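Worksheet for the structure shown next.
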Amino acid sequence: MKDKKVCFMGTPDFAVPVLKELIKNTNVVLVVTQPDAFVGRKKILTPSPIKSVALENNIEVLTPEKIENDYERIIEVNPDIIITCAYGQIIPKILLDLPKYKCINVHASLLPKYRGGAPIHASLLNGDKYSGITIMFMDEGMDDGDIITQEKIEILDSDNINTLSDKLSKLGAKLLIETLPSVFEGTNNRIKQRECDVTFAYTIKRKDEIIDFNKTYKEINNQVRALYNRAYFTLNNVEYKIIKVRYENINSEISRINHIYKDGIGIGCLDGEVVIMEFIPSGKKQMLVSSYLNGVNKNDLIGVVVNEK
């Protein structure tokens, strides 16, 4: 496959294994990624993970603000195939029609389930037992092109967004390299998606991150797993991002701190108590709640309502 010119389009860490495998097995002539972004409290201008990999391998990089308005260089390069993975922008039709072997996408779900930008989050939020990778042809709709191949993996109870993303990114890289020969030889499958089975996984918004304790423990734990380092509650107007929780089967008043344990704070939920074991207080480092409790008056916490404005 080294004779095939590839234009790769992707942005986050998830896409890095895919790009690295393409560099090993094909001729990646151009990488398209999102523009550098300001990262962290100090707002340091930082290239995307994909741009960093491309530059390390002396591959030309294009970073258009809007690909629909800035694609001439891709046409000049005239790739044999365009491959996308978590790029973050809609590809215009002129590019979809450009390559000899068309455009294919590496998508982190078993399509037609979870079209959209947050399929891994959705699988964890919904407590799914399986996730997977779909290699698909692209068209003008959102993730609605024909399926070439799929492979599924089990979601473990211990998985969170980081561990599951890592597994799926490696699976996506492997499956893509296994699939490409059939695409180049014209022997690939082309399976229409069943519209009656379509579901969507839209990008997570800020409002999706706050914990609603009027839910069951399982629902809350799934949210913590899916939004690792992002799901939060507020206590005395301070935000706490949750890292780890456990369950106590005990009658408790919802959204209120009912018990203090050696390893955490027990907050009432719909079917018991969510014990917060590890979190990140606003402006501080990640810590065990047991350590946090050593520096506060525990009696002052009992009965306090969380998420109060």
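Can you give the helix-only mean residue ellipticity at 222 nm for the chain, where every DSSP H stretch with n ≥ 4 adds -39500 (n - 2.57) and the sum goes over all residues, rounded to the nearest 500 deg cm²/dmol?
Values: 9 runs with 79 residues, N = 309.
When only DSSP H runs of four or more count, the value is -7000 deg cm²/dmol.
For the residue pairs Lys113/Lys152; Lys51/Lys170; Lys24/Lys170; Lys205/Lys262, the C-alpha atoms sit more than 23 angstrom apart in Lys205/Lys262. In plain terms, the C-alpha convex hull of segment 150-231 casts an average shadow of 7.7 nm² when viewed from every direction. Test of understanding: in a Gaussian network model of the chain with alpha carbons linked when under 10 Å, which of Gly40, Gly145, Gly266 would top the mean-square fluctuation ranking? The residue with the greatest mean-square fluctuation here is Gly40.
Quick one: angle between helix 161-185 and the longest Cα principal axis of the chain, in degrees between 0 and 90, rounded to 10, please. Taking the Cα atoms of the chain, the angle to 161-185 is about 10 degrees. Normalised by the number of residues in segment 77-156, the mean separation of alpha-carbon contacts (under 8 Å, six or more apart) gives a relative contact order of 28 percent. Net charge dipole, the chain: roughly 620 debye, given to the nearest 20, about the Cα centre with Cβ charges of +1 for Lys and Arg and -1 for Asp and Glu. If the elastic network links every pair of Cα atoms under 10 Å, which of Leu45, Leu124, Leu270 fluctuates the most in the Gaussian network model of the chain? In the Gaussian network model the winner is Leu45. For the chain, the C-alpha radius of gyration sits at 1.16 times the compact-globule guess of 2.2 N^0.38 Å, with N the residue count. Return the single residue from Tyr240, Tyr228, Tyr261 with maximal mean-square fluctuation; model: Gaussian network over the chain, springs between Cα atoms under 10 Å. Looking only at Tyr240, Tyr228, Tyr261, the biggest GNM fluctuation is shown by Tyr261.
Protection proxy ranking for 89-99, 2-12, using the average of other Cβ atoms within 10 Å per residue and placing the highest first: 2-12, 89-99.
Can you pull the Rg over Rh of segment 14-84, Cα-only, Kirkwood? Write out the running numbers ahead of the final one.
Numbers: Rg = 13.0 Å, Rh = 13.1 Å.
Using Cα coordinates only, the ratio equals 0.99.
Computed as a quarter of the hull surface, the mean projected area of the alpha carbon convex hull for segment 209-301 stands at 5.3 nm². For segment 1-155, the extents of the C-alpha atoms along the principal axes are 44, 43, 30 Å, listed from largest to smallest.
Every read-out reported here was derived from the displayed coordinates using simple, explicitly stated rules and does not represent laboratory data. Quick caveat: nothing in here was measured; it's all calculated off a predicted structure. Reconstructed Cβ throughout: ideal geometry from the backbone, glycine too, with neighbour counts over all protein chains shown.
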